[in-house]
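Every read-out reported here was derived from the displayed coordinates using simple, explicitly stated rules and does not represent laboratory data. Bear in mind that the values here come from a model prediction, so they are computed numbers and not experimental data. Note that we place each Cβ from the backbone using ideal geometry, even for glycine, and neighbour counts take in every protein chain shown.
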2 protein chains.
Amino acid sequence: MPDETRNIVRECLAMRVRMLNRMVTAIYDAALAQAGLKISQFTVLVAVTNLGECRPKDLAKALEMDESTLSRNVERMCARGWLRLKPDQDRRGHLIALTDRGAALIHKAMASWRRAQEEAQRQLGPEGVAAVKAAVRRMRG
Amino acid sequence: MPDETRNIVRECLAMRVRMLNRMVTAIYDAALAQAGLKISQFTVLVAVTNLGECRPKDLAKALEMDESTLSRNVERMCARGWLRLKPDQDRRGHLIALTDRGAALIHKAMASWRRAQEEAQRQLGPEGVAAVKAAVRRMRG
DNA sequence: CACGATTATTTGTATATGCAACAATCAGCC
DNA sequence: GGCTGATTGTTGCATATACAAATAATCGTG
């Protein structure tokens, strides 16, 4: 049995990707704490800015995130006044929009993001950075 | 503002790593559901097998995971009878040990893990796989 | 236009994640 | 032996994650 499991530790991609996720997330969360948010939330704010007013489904797709997860993240961010919901033609849903406070927060968090980004790049090295980008491109492509 | 945020989406490493994490985790969780566990739990079982009876701190370090997170994961897994706690010399803590049921579960889950591993490798491609491994090695190194 | 199928989103439930504060024990020193 | 600082681990709190089921509105077709 130990032979099998040792092999898993050497090979398992999920183990590695999840570890990488924890390490990288920690870097960004630590930096963004100064601005009072987490990378998960920053990511949503940025995505909404780029998409413009958008439907939950589109946002979830853009972030490759489960719709129910996003639903509750948006809920919390609305409660904080960073996002708000607007009625849509299709009355099954609504549009998610950035508020002024949300936009201000992105601006305020920019310096923290840049610091985290530099630190992550430093720790990963140029090859590591390229590697991560390539891996994601492959999987989504 | 959109200029800045578009740049973030293009560059942000956390966004990519987290996306990769969600995609890869989903592949393994879907496969392991057949055996009644998740990749997060499978990972702990395998790590305990390799370390042997171990203290929470060592296990957390091996998995690059917060001790409090691990504490509660172990708790759930004890409740299911996969792990159990044994007294240690150092009475502040205890040793985490695999039970027979835990060992049997690993065995039962092997085929599912292999299927997930193959699927993840297929989606990432050889370069993607190498990329992920290299990135982790760099960060932990 | 009515009705069943489809689509959009939220809720129920469970797990996972981590920071900060806490309790318990240990180790070293006097 | 008994204090004091360090180490080990758990708990309180908040957020994040996702599958399945429920809800609500739209669409397509007879």
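Run the paramagnetic zone check for A:Asp66: 7 angstrom along Cα to Cβ, then residues of the stretch B:28-47 with backbone nitrogen under 18 Å. What the label zone holds, given the 18 Å backbone N cut-off, is B:28-43. Sorted shortest first, the separations between the B:Ala79 label point and its copies elsewhere in the assembly read 2.3 nm; each point sits 7 Å from Cα along the Cα-to-Cβ line. Between 0 and 90 degrees, the angle of helix B:13-32 with respect to the longest Cα principal axis of chain B falls at about 50 degrees. Two numbers describe the Cα atoms of the stretch A:13-141: Rg and Dmax, which are 15.8, 48 Å. Under the convention that each Lys and Arg Cβ holds +1 and each Asp and Glu Cβ holds -1, the size of the dipole of the stretch B:24-138 around its Cα centre is about 140 debye. Working note: Cα gyration tensor of the protein assembly as shown, eigenvalues times five, square-rooted, sorted largest first, giving semi-axes of 36, 20, 20 Å.
Each Lys and Arg Cβ is given +1 and each Asp and Glu Cβ -1; about its Cα centre, the protein assembly as shown then shows a dipole of about 140 debye. Here the Karplus curve 6.51 cos²θ - 1.76 cosθ + 1.60, taken at θ = phi - 60°, turns the phi angles of the stretch B:127-141 into couplings of 5, x, 4, 4, 4, 5, 4, 5, 4, 5, 4, 4, 6, 7, x Hz, with x standing for Gly and Pro. Label sites at A:His94 and B:Arg140, each approximated as a point 7 angstrom past Cα along Cα to Cβ, lie 4.4 nm apart. Shortest first, B:Lys133 label-point distances to identical copies amount to 2.3 nm, with the label point at 7 Å from Cα along Cα→Cβ. Please count, across the protein assembly as shown, the pairs of lysine residues with Cα atoms under 26 Å apart that sit 8 or more places apart or on different chains. Lysine pairs, 8 or more places apart or on different chains, close enough: 26. Across the identical copies, the label point of B:His94 (7 Å from Cα in the Cβ direction) is separated from its matches by 4.6 nm, in order from shortest.
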